[in-house]
Amino acid sequence: MLEGYRIEGRGAAEIAASVELAIGDGSLLPGQPLPPLRELAAELGVNANTVAAAYRTLRDRGVIETAGRRGSRVRARPASAPREALPFALPPGVRNVSEGNPDPALLPPLADALAAAAEHARHAPTLYGAPAVDPELGELARARLDADGVPEGPIAVTSGALDSIERVLSAWLRPGDAIAVEDPGWGALLDLVPALGLRALPCETDDEGPVPEACERALRAGARALVVTARAQNPSGAAVTPARAAELRALLARHPEVLVIEDDHGRDIVRQPLAPVVGGTERWAFVHSLSKAYGPDLRVAVLTGDRTTVDRVRGRQRLGPGWVSRLLQRAAAHLWSTEAIDPARVAAVYDARREALIAALAERGVAARGRGGLNVWVPVPDETAAVAQLLRAGWAVAPGARFRLATPPGVRLTTATLASAEAEELAAAVADALRPPTVRRLG
């Protein structure tokens, strides 16, 4: 079953470590099944409960997943696997629309911002004991949050949206707790949840954001936290409308003990105004990442929330990395203060590219979702078949399994760099991939 790799160990910790080591060096691959409990216990000469404890540890760490009688297998994106080992090599000439990246041509140049930060550091270098948040960035961030209607709260700076979310979840939740997540939703978050030992409860999402009835079911089922994407939702392009935000706030008012995290990575790349969901519960956090508008490598996100939550994040951050580089923070402040990009223009370009594909798909009878942002979600009857057929046609798309829990199959198409002529070609390829095989052969 393991194609030559032998799991070793006498205790649960040793067995779990053996599996993680194999995943880390590529001996065990994502999706690969593991031996049944009793079979591995007999091979190792240990009690089945020992293997069960090892598998439970691996599951809590987000390394493996279990599916009842179908057994256990390595997760599609296990926490122990190096990220760069997971993508497959694309054949020559294939156009990649699977990655979810912004258009490099729409990102601002960083040379002036980094030079300004370096010049400031030359005169006033940041030393141990300095404030974790650059004063100028903090002031600019608070002004932007105020303009968007985000409730008042202290500011922290983290290394991106996922870093913020992980720190907030870790501040309040413990392994075994349940968390309500969008479905379909951000694949990185769906991977993070089991890696923290948490349980994901899916909340159906439509074009206006999480469906309140689905969120209500998750909260009644014991979810201690809810994560909402404000706009440019990945993978569906949903954006929370004022009406939907009001519904969600009314729902959360009946569950004031629930931790609410709102992710607004779409500011400056979408036209939809923010309709905040946070603020009506005792514990809340709002994170704005600069990655999509200013560059993924900038690694700066601004976090606000209730004082206890932000204090816990800051305190734990002090015991780890200490702070996010003030050089990067000052570079981010320079980008904001000099208006390095024109958000309206950037949003218009992304909207035109996304809407061109949706229109081309509609002309061919293919339904698609994509209200804002960089991606389009297309429901399909069979993900594996659709992804394979599109690859043969010269298009690499992201399988929906990376982004969904209970949602029916689909594929995600990134339109950030898609030219108008390409939109027609891709739409034709998608429509052909969705035809029954016999129809496709006859055509």
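The values are calculated or read from the model by the stated rules, or taken from the named source; none is laboratory data. Everything quoted here is computed from the prediction, not taken from an experiment. Counting neighbours? That spans all protein chains shown, and the Cβs are built from the backbone with ideal geometry, glycine included.
Among ALA230, ALA246, which is of a type in the set (Gly, Ala, Ser), surrounded by 24 or more Cβ atoms within 10 Å (Cβ to Cβ) and on the phi < 0 side of the Ramachandran plot? Every option except ALA230 fails the conditions.
Looking across GLY280, GLY305, one residue alone is surrounded by fewer than 20 Cβ atoms within 10 Å (Cβ to Cβ) and either over 26 Å from ILE179 (Cα atoms) or touching a helix residue (DSSP H, G or I) at 6+ places or on another chain (Cβ under 9 Å) (or both). It is GLY280. Taking segment 286-357 as the region of interest, the helices (runs of 4 or more DSSP H) fully inside it that hold 2 or more residues being more than 18 Å from GLY100 (Cα to Cα) are 307-318, 326-337. Can you tell me which of (1) over 21 Å from LEU198 (Cβ atoms); (2) of a type in the set (Lys, Arg); (3) touching a strand residue (DSSP E or B) at 6+ places or on another chain (Cβ under 8 Å) is the one ARG283 doesn't meet? Among (1) over 21 Å from LEU198 (Cβ atoms); (2) of a type in the set (Lys, Arg); (3) touching a strand residue (DSSP E or B) at 6+ places or on another chain (Cβ under 8 Å), ARG283 violates only (1). When segment 403-427 is filtered for residues that are buried (at least 19 other Cβ atoms within 10 Å of the Cβ) and in contact with a Gly (Cβ under 6 Å, 6 or more places away or on another chain), the ones remaining, listed by number, are PHE403, GLY410, VAL411, THR414. Kindly evaluate THR384 against the criterion of being in a helix (DSSP H, G or I), among the hydroxyl-bearing types (Ser, Thr, Tyr) and either under 24 Å from the mean Cα position of the chain (by Cα) or not assigned by TED's automatic domain parsing to the domain that holds PRO131 (or both). Yes.
Here's the yes/no breakdown for (1) surrounded by fewer than 20 Cβ atoms within 10 Å (Cβ to Cβ); (2) touching a helix residue (DSSP H, G or I) at 6+ places or on another chain (Cβ under 9 Å); (3) in a loop (DSSP other than H, G, I, E, B):
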| residue | (1), (2), (3) |
| --- | --- |
| GLY9 | yes, yes, yes |
| ALA16 | no, yes, no |
| LEU21 | yes, no, no |
| PRO35 | yes, yes, yes |
| LEU40 | no, yes, no |
| GLU43 | yes, no, no |
| LEU58 | no, yes, no |
| GLU65 | yes, yes, no |
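Just a yes or no: is a residue in segment 217-235 free of Cβ contacts under 8 Å to residues at least 40 places away in the same chain, outside any loop (DSSP other than H, G, I, E, B) and in contact with a Lys or Arg (Cβ under 9 Å, 6 or more places away or on another chain)? Yes, there is a match, as at least one residue in segment 217-235 is free of Cβ contacts under 8 Å to residues at least 40 places away in the same chain, outside any loop (DSSP other than H, G, I, E, B) and in contact with a Lys or Arg (Cβ under 9 Å, 6 or more places away or on another chain).
The single residue among ASP268, ASP263, ASP342 that is acidic (Asp, Glu), surrounded by 18 or more Cβ atoms within 10 Å (Cβ to Cβ) and closer than 30 Å to ALA421 by Cα turns out to be ASP268.
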